[in-house]
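We did not get these values from a lab; they are worked out from the coordinates using the rules stated. Keep in mind the model is a prediction, meaning the values are calculated, not measured. Here the Cβ is made from the backbone with ideal geometry for all residues, glycine too, and neighbour counts use every protein chain on show.
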Amino acid sequence: MLEKATTFTNTFPKLLILNAAKRGERPAIREKDLGIWQTWTWEQVLEEVRAFALGLRELGLEKGDTVAIIGNNRPRLYWSMCAAQSLGAIPVPVYQDSVAEETAFVLAHAAVKIAVVENQEQVDKLISIADRLPSLTHIIYDEERGLKGYDHTRLHSYADVQKQGRAGDMRAKAVWWENRVAETKGSDIAVILYTSGTTGHPKGVMLTFDNVIRTANNANAYDNLGENEEVMAYLPMAWVGDHIFSYAQSYCCGYCVNCPESPETVNDDRREIGTTYAFAPPRVYENLLTLSMVRMEDAGPLKYKIFHYFIRHARKWGEKILNRERVPLHARLIYWLGDILVYGPLRNRYGVSRVRVAYTAGEAIGPEIFRYYRSLGVNLKQLYGQTEASVYITAQPDGEIYAESVGKPNYEVEIKLAENGEVLYRSPGVFAGYYKDPEKTAEIKTPDGWVHSGDAGILDPKSGHLRIIDRAKDVGRLNNGTLFAPKYIENKLKFYPNIREAVAFGDKRDFVTVMLNIDLVAVGSWAERNNVTYGSYQELAAHPRVYEMLASHVDEVNRSLAADAPMAGAQVKRFLILHKELDADDGELTRTMKVRRRFIAERYAPLVAGLYDGSKEIDVSTEVTFEDGRKGTISGRVAIRDMQIYPAEAAPIGKAA
């Protein structure tokens, strides 16, 4: 029966059986619990998945049913996906930090029958919306703490479900299960992943086993990944990036996935494991850089000077050394010394000392931030992908790394540009369709398999590399005809550690304006050093000296834009600092931390109007959602600052990216 199941490794349950036979004693997954790493081999994972699948069968799970997976990265949650797939059911990962309303929408839309969740928090969330989920029959939890006194009529512990699966004639059950696995096909729907919903309700993207496995195999081949890789699983399981990096690619080539003890210990845990293949969205790299710069502001004078001297040297020569270009001997010697004193300790602090390949994607990364990591000797590369493509569309090959590009088409991927500059792609990873939404599917997927990405891009005719400008719908023009690419401007501003988020406006207007969020860690540290007292984020954001500091950053960005011919007319004329942080719980960001630009423009319409009508101050009141779901209001007075606009021929570009 085992031979029959592994004849064609076109589904994850079949790959699991193959890995157990081929790599049985090798580590498949680890989890840090109470400070100790617990390891499961591929043989052990097979037994865990099979037992849980048989338990799910006892609870009535059938082919075609949907199973919600909600929680942080935990081995049992990953096993739940494979167990459901082995029965022909479809896993539906859900963002663990989604508020009840968002969770209810996804579970109701997907008609979820069983939910597998991490802990009491997720159980409470589902119980609070149970009346809106008629299809939900059972909730299974991983952590038992706090749930002893609950009604267990429809509530089960993960261990109890496995125990039920192991009861009885296990030999006969194993044969039955292997027969079910053998029946799974590559064309079956493997997973439904909901989009981040930047323009409205999220859409359920249906990916087949063929989509995901073929893409994962191509990605492994592209970067020569094998069973010896170590990967840290810390990104939301509902995000397609985690599904590929922490699940699909692991099953396809047999490398080990590591689950951190908690979201707060990711950096320390990554350092302990010695990650070799890493992935993070730009926000993670931005935060690490911010923390480094904040710490150095508190360093002694000598350490401060040494740090910045070697960082300047790395910016000049580091990438050339990484790319094995010809570099003067004295520059190599200084870099070698810097590697001992600064670069090596920084890589160790970031947990990337052993990284062979590191990727960033999900949003555009600021060129200076990208170059900073490469200058330290980290092989950081960019890729461009979407949920609808099973992630991979383009990626940067080794030796062809450009800060402004997202690389060449990945294996078996075709791309082309529409007349309006929109990127279209076609590949084996292209999704089967949106769940319960054939009309929307037909809007972006042509009959011959081309998908409209919604992103505007440029193809370099010499290198073949793709450069993404912005979302096609966001790229516009000022009234004088100047190109307006908001993301381009926002990334320049976000290079500064003091600026956490930026939202630019300007399409069909006379000039560009921006709303800024301060980074509380960076600006709070600055305030401490400069004797600036404050009692809240709102008070700090409104402080005149904070406005002066951010005005200097905006001024440097304007000088930078003045030297960029196509964007010289898109300098920032006015800006304000928002009285609150943009928050996913308030609908201002997606769960993958992307700005919901249209929503923000509507939510803060009085502020946008004030940016353009000459107002110096505006009173604003905003409803917010607290972590426990309660609603509240933040009111305040927001100042608006005018900025100098430089002529296009202006030269010196300060420190701006």
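Among Asp510, Asp242, Asp460, sorting on how many other beta-carbon atoms sit within 10 Å of each Cβ, with the fewest leading, yields Asp510, Asp460, Asp242.
Measure up Lys32/Lys492; Lys440/Lys594; Lys125/Lys492 against 31 Å on the Cα-Cα distance and list the ones that go over.
Lys32/Lys492; Lys125/Lys492
Under a model in which nothing but the beta-carbon of Lys, Arg (+1) and Asp, Glu (-1) is charged, the range 476-642 shows a dipole of about 460 debye around its Cα centre. Of all segments of the chain bounded by GluC sites (Glu not before Pro) found in a DSSP loop with no more than 15 other C-beta atoms within 10 Å, the longest spans 420-626.
Here the Karplus relation 6.51 cos²θ - 1.76 cosθ + 1.60, evaluated at θ = phi - 60°, turns the backbone of the range 263-271 into coupling constants of x, 6, 9, 4, 4, 5, 5, 4, 5 Hz, with x for every Gly and Pro.
Around the amide H of Ile69, modelled in the peptide plane, lie the amide H atoms of Val92, Val94, Val116, all under 5 Å away and 5 or more residues distant in sequence or on another chain. Couplings 3J(HN,Hα) for the range 142-150, derived from phi with the Karplus relation 6.51 cos²θ - 1.76 cosθ + 1.60 (θ = phi - 60°), are 7, 8, 8, 4, x, 10, 4, x, 7 Hz, where x marks Gly and Pro. For Asn258, the amide hydrogen comes within under 5 Å of the amide hydrogens of Arg30, Val231, Met232, Ala233, counting only partners 5 or more places away or on other chains and with H modelled in the peptide plane. Going from the fewest other Cβ atoms within 10 Å to the most, the residues Phe626, Phe52 appear in the order Phe626, Phe52. With R₀ set to 41 Å, the beta-carbon distance separating Lys508 from Arg132 gives a calculated FRET efficiency near 0.55.
Note on the range 575-592 and the range 213-244: Cα centroid distance 30 Å, given to the nearest whole angstrom.
Give me the net charge for the shell around Thr275: Cβ to Cβ below 10 angstrom, other residues only, Lys and Arg +1, Asp and Glu -1.
Once all neighbours under 10 Å are counted, the net charge is 0.
Applying 0.36 nm per residue to the separation of Ile340 and Val175 and subtracting their alpha-carbon distance, the gain on full extension is 53.7 nm.
Taking the charge dipole of the chain about its Cα centre, with +1 at Lys and Arg Cβ atoms and -1 at Asp and Glu Cβ atoms, the residue from Leu291, Val99, Leu34 reaching farthest to the positive side is Leu291. Within the range 132-150, find all residues whose amide N lies under 20 Å from a label point positioned 7 Å from the Cα of Glu264 along Cα-to-beta-carbon. Label zone hits: 143-146. Rounded to the nearest 20 debye, the dipole size of the chain about its Cα centre is 1400 debye, using +1 on the Cβ of Lys and Arg and -1 on the Cβ of Asp and Glu. Per-residue 3J(HN,Hα) values for the range 39-49, derived from phi via the Karplus relation 6.51 cos²θ - 1.76 cosθ + 1.60 with θ = phi - 60°, read 10, 10, 7, 5, 5, 5, 4, 4, 5, 5, 5 Hz in sequence order (x marks Gly and Pro). According to a simple spin-label model (label point 7 Å from Cα along Cα-to-Cβ), what is the distance in nm between Lys63 and Leu483? Distance between the two pseudo-spin positions: 5.3 nm. The range 98-174 and the range 346-394 have their alpha-carbon centroids 36 Å apart.
Near the amide H of Ala395, within less than 5 Å, lie the amide hydrogens of Tyr384, Lys408, Asn410, all on another chain or at least 5 residues away, with H placed in the peptide plane.
Spacing of the modelled spin labels on Met296 and Ser635, each 7 Å from Cα toward Cβ, amounts to 4.4 nm. With R₀ set to 60 Å, the beta-carbon distance separating Lys316 from Gln38 gives a calculated FRET efficiency near 0.85. When the square roots of the Cα gyration tensor eigenvalues are ordered a ≥ b ≥ c, the ratio a/c for the range 280-378 is 1.5 or more and a/b does not exceed b/c, which makes its shape oblate. Taking a straight line from the alpha carbon of Lys616, these lysines sit under 17 Å away, with near neighbours fewer than eight places off in the same chain left out: Lys573. Rounded to the nearest 5, what % of DSSP beta bridges with both residues in the range 339-435 are antiparallel? If I count the DSSP bridges inside the range 339-435, around 75 percent turn out antiparallel.
Among Ser292, Ser86, Ser187, Ser262, what is the fewest-to-most ranking by other Cβ atoms within 10 Å? Could you put the intermediate results ahead of the total?
Working: Ser292 16, Ser86 28, Ser187 13, Ser262 10.
Ascending number of Cβ neighbours within 10 Å: Ser262, Ser187, Ser292, Ser86.
Of all DSSP-defined beta bridges confined to the chain, some 60% are antiparallel rather than parallel.
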